[in-house]
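Take a look at the structure below.
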Amino acid sequence: MSAINLKDKTHHDNFLPENQLILNAVSEGIYGFDLEGNAVFINPAAEKMTGWQAHELLGKNIHDCHHHSHSDGSHYHKDDCPIYNTLIDGIAREISHEVFWRKDGSSFPVHYTSTAVYKDGVMMGVVAIFRDISIQKQTEQSLRQALEQVQALSEKLSFENQYLQLELADRTGDVEISGSSTPINQLIQQIKLVSNTESTVLISGENGTGKELVARNLHRLSNRADKPLISVNCAAFSSALLESELFGHEKGAYTGATSRRKGRFELAHQGTLFLDEVAELSLEAQSKLLRVIQEQEFERVGSSQTIKVDIRLITATHHDLLKRVEQGLFRMDLYYRLNVFPIVVPPLRQRLSDIPELVSHLIQDLNRKLGKKISQVSQKGMQKLMQNSWPGNVRELQNVLEREMILAHGPILEFSQLAMSAPLEEVDKVVSNQTLQQVERLHIINILKQTQWRISGSGGAAAVLGLPPSTLRSRMNKLAITRPI
Ligand SMILES: Nc1ncnc2c1ncn2[C@@H]1O[C@H](COP(=O)(O)OP(=O)(O)OP(=O)(O)O)[C@@H](O)[C@H]1O
């Protein structure tokens with residue numbers, strides 16, 4: 001590669017700056033042009049970038065060598081060239097949206113300046129100084145892509161947020177607890193007493209008794225009422241997924257974690273976190289929960305950064321949690337942390353006197369939901385309802401009412417087709433010599449037989465039992481209930 005290249009001695013004398021060594025050393029490409037627009041000076045960096053050797057260009061009008069086309073391939077007329085225009089008007093120009101073409105036909109994005117050169121006040125020519133900005137362009141492109149990803153993620157987050165707000169609004173609609181029996185009055189008293197404290201509450205009771213309703217009332221009456229109530233059903237997730245649901249995860253924390261996600265603990269910050277079916281937590285998740293309760297801090301899955309939260313915790317279970325402790329399935333230390341203020345929700349069979357009030361409350365809700373105008377239940381129908389044992393509790397009553405209302409032609413519900421659960425007198429007998437699990441198993445099998453082993457759908461066993469189909473399936477697994485062949 002040549003050093004300083006000259007067309008002839010005269011140009012060299014007139015044009016070249018004093019220190020040729022410096023010009024040879026700079027990493028920018030340098031082209032010098034005389035007043036006719038012919039190349040008189042080309043430094044080694046320019047040769048290297050374009051592949052054109054100085055001796056091939058010197059003395060020539062070189063626009064057609066390195067600047068013949070725009071980046072889209074269209075012809076670039078010399079009259080439009082900023083370098084040649086500087087020769088005409090002496091005005092300096094700075095360009096960064098063009099390409100220079102290499103001798104091998106490829107091109108590279110270029111940033112260049114064209115500046116007039118003067119000696120003793122007389123213009124001698126123009127110097128163009130250029131550099132390859134491929135890397136800068138690539139970086140810009142990656143930044144643009146990253147920005148697009150951030151925008152997409154932020155949209156996704158705001159969508160998630162909207163979804164949670166809606167879920168919240170939906171759940172905070174009607175939270176009235178119906179009933180005026182002694183057990184319900186005691187329950188309401190307890191809720192009023194503890195709601196305005198920061199104490200952790202453990203709500204226990206059979207399925208469908210209203211544990212979630214109690215949790216919503218505890219939040220509604222607390223100082224945190226204007227902050228979110230975030231609910232998690234611990235039975236609805238596998239233990240790995242539950243961890244990420246509770247604590248959130250970083251992008252790539254596990255297969256499928258394509259983006260960073262906040263957990264329910266973070267979403268509940270300054271509000272209330274309601275952990276339903278808390279007995280279903282794995283031992284690993286229990287230790288993590290214990291730490292959050294003790295220190296009010298945790299890490300997202302896949303992150304070492306500690307996040308501090310301020311939450312009030314309410315948990316619920318239909319299990320005898322102390323028994324789970326004895327069986328080694330639940331940590332004793334966690335049990336005592338959760339059981340600061342226990343609330344037991346009574347089963348419906350222990351407060352049958354609440355049924356008329358409950359029925360009227362539920363019919364009002366269902367009239368809205370179904371667009372019906374049911375006004376009352378016949379005397380006979382009410383008697384039937386009050387003699388039932390309601391193993392599925394208020395949720396079962398709700399489902400029975402909904403079914404009856406869908407089928408009803410007039411404004412009065414008769415319940416003539418109502419299949420009764422074991423009469424109340426029988427319930428006590430059955431319970432006296434069988435374990436809870438045995439009774440549960442038998443009852444599920446009976447209902448499954450009644451529904452021809454159909455689990456989901458409006459007439460399915462899950463609906464009759466007042467359970468989500470997934471919960472029923474997991475109970476069937478646990479109690480080893482399979483359909484006979
Ligand atoms: N006292 C009550 N007054 C009015 N509605 C009630 C009452 N108790 C329960 N319900 C209604 O019964 C349904 C079941 O209640 P909820 O979901 O709170 O029960 P749960 O004990 O949390 O059930 P699970 O253990 O299956 O999660 C809900 O629609 C709830 O609004």
Select from segment 450-470 the residues that are surrounded by fewer than 18 Cβ atoms within 10 Å (Cβ to Cβ), part of a helix (DSSP H, G or I) and within 14 Å of the ligand (Cβ to nearest atom) and list them in ascending order. PRO469, SER470
Cβ-Cβ under 7 Å, sequence separation 6+ or interchain: first residue in segment 300-327 and at positive phi and not assigned by TED's automatic domain parsing to the domain that holds ARG395, partner surrounded by 13 or more Cβ atoms within 10 Å (Cβ to Cβ) and not aliphatic (A, V, I, L, M). Which pairs? GLY302/HIS249; GLY302/GLU250
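The values are calculated or read from the model by the stated rules, or taken from the named source; none is laboratory data. Treat the numbers as computed from the prediction; the structure is a model and nothing was measured. Cβ atoms come from the backbone with ideal geometry, glycine included; neighbour counts cover every protein chain shown.
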